[in-house]
């Protein structure tokens, strides 16, 4: 019998585990974000969704997107709104190592973001990325995860490489409940290439059954290039 569902949400740091051969897992959510800058306010709603398909015990195929987007901006000059679909991303995850003492559980994620979304939200070309996920089980139901990564981005017809980093500390409160806090830097780049993005994320996850999880999350941006604050609710199901 399979153990409890292991998800890649609600934290930025993903899991090093795969879903297992012949299994499918969908992780979806509704996310609200709000930012304020220079007298204007921007609100965005999205539906981040990840589909994971196990093609072996240690391999999975992934299809991911921010889903349906709706952005509203308001300022003294007036209001503006746009809606559409975000780009899709395809990828692979490889679970390379199981945890063993001080050795962490280790996984690798290779993804490619595709210029497939609506015109207002479409990126430029194909943007590959590579991330490593390391997870340690600590004493007294504590866990720690780290996820460094590199991505090739495109802007104005030019390519540049950016980094990313996530650090997560979690605690299992019971068999059904867990909480976590993390520092996430989804982009580490020079000012010329968009600068750094950083935020704090806090979340709670509730295991409804071995195959179903519900989660709530809240985030706070740490600089002017990051989303000011946000929150979301997510549902994950394994088949």
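Subtract the Cα-Cα distance of residue 167 and residue 76 from 0.36 nm times their separation in residues, and report this length gain in nm to one decimal.
Gain on stretching residue 167 to residue 76: 28.9 nm.
Can you put 111, 160 in order of Cβ neighbours within 10 angstrom, beginning with the fewest?
Ascending number of Cβ neighbours within 10 Å: 160, 111.
How big, on average over all directions, is the shadow cast by the Cα convex hull of the range 20-142, in nm²?
10.6
Just to verify a number: FRET efficiency for residue 28 and residue 150, C-beta to C-beta distance, R0 = 30 Å, to 0.05?
E(calc), rounded to 0.05, equals 0.65.
As a footprinting exposure proxy, order 137, 27 by other Cβ within 10 Å, with the fewest listed first.
In order of increasing Cβ crowding within 10 Å: 137, 27.
Any chance you could check the Cα centroid distance between the range 92-110 and the range 124-195 for me, in angstrom?
15
Only counting other Cβ atoms within 10 Å, I'd like 239, 202 sorted with the fewest neighbours first.
239, 202
Readers should treat all values here as calculations from the given coordinates under stated rules, not as data from a laboratory. As the structure is a prediction and not an experimental result, all values here were calculated from the model. Reconstructed Cβ throughout: ideal geometry from the backbone, glycine too, with neighbour counts over all protein chains shown.
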